[in-house]
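Read through the structure below, which is laid out as structure tokens, and then see the notes.
The values are calculated or read from the model by the stated rules, or taken from the named source; none is laboratory data. Please read all numbers here as calculations on a predicted model, not as lab measurements. Cβ atoms come from the backbone with ideal geometry, glycine included; neighbour counts cover every protein chain shown.
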Amino acid sequence: MKSTAPVSKIMTKELVTLQLTDDLYLAEKLFKTHKIRHLPVLDGKHLAGILSYTDLLRISYADLTAEEDTIETVVYDMFTVSQVMMNRPVVVSSETSIHDVAKILSEREFHALPVIDNNRLVGIVTTTDLIKYFLKNCPEFKNAKC
């Protein structure tokens, strides 16, 4: 199935974002409070980058045996959001097809794409959004038994 539907059908529109001037403590709090894994980073109203929960784990020590992820946050004082985030991320427009988004994400080493229209952040689409879409709309996935 090749979906020509626009990514606007599946993207998250109610965004949780960081400002470039925010700190990593706030980033961790937002990740955990909203149960998300990616935060667009804004410089005023313009996209400056994207920060993932994995980016935080890379600079810190995670206690993976704990029931909840516990991050050793002492390193948060050593880095800024701009030092840890991905600068100039790949972006798509809200009219980009779901098929094209799936292709981009399957070929790259990241799991989220900011959605930009007229130089304004209007959404974010993740691999989770794609999986949910395919499970709901593709018969071969709906009834698959592994």
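Numbers for the structure displayed
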| quantity | calculated |
| --- | --- |
| Helices (runs of 4 or more DSSP H) lying entirely in segment 79-146 (those with 1 or more residues that are buried (at least 18 other Cβ atoms within 10 Å of the Cβ)) | 81-84, 98-107, 127-137 |
| Where a residue in segment 1-29 is touching a residue at least 24 places away in the same chain (Cβ under 8 Å) and under 16 Å from Lys132 (Cβ atoms) and its partner, wherever it lies, is surrounded by 12 or more Cβ atoms within 10 Å (Cβ to Cβ) and among the basic types (Lys, Arg), with Cβ under 8 Å and at least six apart | Ile10/Lys132 |
| Where Asp22 falls short, out of the listed (1) assigned to a loop (DSSP other than H, G, I, E, B); (2) modelled with pLDDT under 95; (3) surrounded by 17 or more Cβ atoms within 10 Å (Cβ to Cβ) | (2) |
| Residues (among the small types (Gly, Ala, Ser), at pLDDT below 95 and touching a helix residue (DSSP H, G or I) at 6+ places or on another chain (Cβ under 8 Å)) located in segment 98-119 | Ala102 |
| Candidates Glu95, Glu72 - the one that is more than 20 Å from Thr17 (Cα to Cα) and at pLDDT 95 or above | Glu95 |
| Enumeration of residues in segment 28-57 that are at pLDDT 95 or above, out of contact with any Pro (no Cβ under 7 Å at 6 or more places or on another chain) and small (Gly, Ala, Ser) | Ala48, Ser52 |
| Output for segment 1-19, where each listed residue is in a loop (DSSP other than H, G, I, E, B), under 15 Å from Gly49 (Cβ atoms) and in contact with a strand residue (DSSP E or B) (Cβ under 6 Å, 6 or more places away or on another chain) | Thr17 |
